[in-house]
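Here is the structure we will look at, set down as structure tokens.
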Amino acid sequence: MTNPVPAPQPANALAAPDVDSGAGTAPEFLISVIVLNYNGAVWLSRCLDSLRHQTIFPQLEIIVADNASPDGSAELATRLMEGWPNARVIRHDRNLGFAEGNNRPAREARGRYLFFLNNDTWLEADCLEKLGAAVQATDVVAACPRVLNYTDDSFQSAGAGGFDLFGLPTARRDYVRRRLVLMPEGCGYLIDRKRFAALGGFDPEFFMYAEEYDLSWRVWLSGGRACVVPEARLHHRGAAQVNPQGGGQTVEFRTSDRKRYYANRNHLLVLLKNAEHLLLLLLPMQLLLLAVEAVFVLALVRRGSFIKTAYGEAVRDCWRLRSHIREQRRFIRAQRQHGDLWMLRFLRGRFNRWDEVVRLWRFGPPRVSPE
């Protein structure tokens, strides 16, 4: 079991940001909140309102990065943040996906920490105060709040404590105390800005899905640590783009060809990039799991084109990216402080696909959209 993060000493206020040694001046804000948006008009009002009511609002920089949304949500964000001295909207000329869509505003951010926030979220008023205090009082470089469901206080996630026998992030567990985790939750991922830049940011080749898993491996391999801060609370809808029915609640099990393709391919890429030698043995295990899963899913959805895209193309595309993988392995090797034997401490018996088994039991066979 992962060791608890030492609790910080009580404090009446957040400490002032340290001097940014790279620029020679102190960061202008404690936290730069980056809200990546694509067609999120239905979610933005509550998300941004919760940021406006944060107890440390003057210490926040808020950037809404819009991935060329056709639903007018960029204009909505501009109106909602009108008059905020510490907020702005950045418009991308096309949909850059999650990875590069967040990398670009991160390069312009002026906070000591970056907080990557999904638009289908809202934060309790003291969330960022407690999250910021926790990371300043410990030696972690990345963290996440405790994630609750959008419409109530029921638990959703607290990051992944480790990886399973297939090299996939373990199914989420609840924690009542601060704990070290392999992967903070991606819907509200906080990381030291300088460390994020030194690690190369999110890998743009991922486009979407598993970016936070890949980044978290690099955090740990480079000598950093990550944790969950349960006293900081964030509410998250989840899968709002691919599974929009039900408003604030999930009412069906839905996926798409592209979603499953990126998820399958990118989890393979995490191992291919970050495993040094021993943990590469998890790769054939993951491929075997995908093969078995493909047969099972074909029996459920009865559409061969879905299996071809979501499984066949996902595996084949890893070969197409072999030059990128070699380049990334060289980059990671230069920063590596921990090898595969050290990383075995994150190996868990908790099965990654358990959450999907629960959804299958609750909602029945998945509905698959072809886009």
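The values are calculated or read from the model by the stated rules, or taken from the named source; none is laboratory data. If you're wondering where the values come from, they're calculated on a predicted model, not measured in any experiment. Here Cβ is always computed from backbone atoms with ideal geometry, including for glycine, and neighbour counts include all displayed protein chains.
Of all the residues that make up the stretch 50-77, how many are β-branched (Val, Ile, Thr) and touching a Pro at 6+ places or on another chain (Cβ under 7 Å)?
1
Check whether at least one residue in the stretch 130-141 is of a type in the set (Ser, Thr, Tyr), surrounded by fewer than 24 Cβ atoms within 10 Å (Cβ to Cβ) and under 27 Å from ASN103 (Cβ atoms), and report yes or no. Yes.
Conditions tested, residue by residue: (1) crowded, with 16+ Cβ neighbours inside 10 Å; (2) within 22 Å of ARG225 (Cα to Cα); (3) not aliphatic (A, V, I, L, M).
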{"residue": "ARG260", "(1), (2), (3)": "yes, no, yes"}
{"residue": "GLY304", "(1), (2), (3)": "no, no, yes"}
{"residue": "ALA314", "(1), (2), (3)": "yes, no, no"}
{"residue": "SER323", "(1), (2), (3)": "no, no, yes"}
{"residue": "LEU341", "(1), (2), (3)": "no, yes, no"}
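Please work out if SER216 is out of contact with any Phe, Trp or Tyr (no Cβ under 8 Å at 6 or more places or on another chain), buried (at least 20 other Cβ atoms within 10 Å of the Cβ), polar (S, T, N, Q) and at pLDDT 95 or above. Against the criterion (out of contact with any Phe, Trp or Tyr (no Cβ under 8 Å at 6 or more places or on another chain), buried (at least 20 other Cβ atoms within 10 Å of the Cβ), polar (S, T, N, Q) and at pLDDT 95 or above), SER216 qualifies. When we screen ARG79, ARG94, ARG104 for residues that are within 20 Å of SER50 (Cα to Cα) and basic (Lys, Arg), the only hit is ARG79.
I'm checking my understanding of the structure. Among residues of the stretch 143-180 that are in contact with a Cys (Cβ under 8 Å, 6 or more places away or on another chain) and part of a loop (DSSP other than H, G, I, E, B), which one is farthest from ASP126 (Cα to Cα)? Restricting to residues being in contact with a Cys (Cβ under 8 Å, 6 or more places away or on another chain) and part of a loop (DSSP other than H, G, I, E, B), the top hit is GLY159. Here GLY159 meets the list (1) at pLDDT 95 or above; (2) at positive phi almost entirely, failing just condition (1). Considering the stretch 71-138, the qualifying strands (runs of 3 or more DSSP E), each wholly inside and each with 1 or more residues that are of a type in the set (Val, Ile, Thr) and touching a helix residue (DSSP H, G or I) at 6+ places or on another chain (Cβ under 7 Å), run over 87-91, 121-123. Of all the criteria given as (1) more than 25 Å from GLU211 (Cα to Cα); (2) buried (at least 17 other Cβ atoms within 10 Å of the Cβ); (3) touching a Phe, Trp or Tyr at 6+ places or on another chain (Cβ under 9 Å), the one not satisfied by ARG52 is (2).
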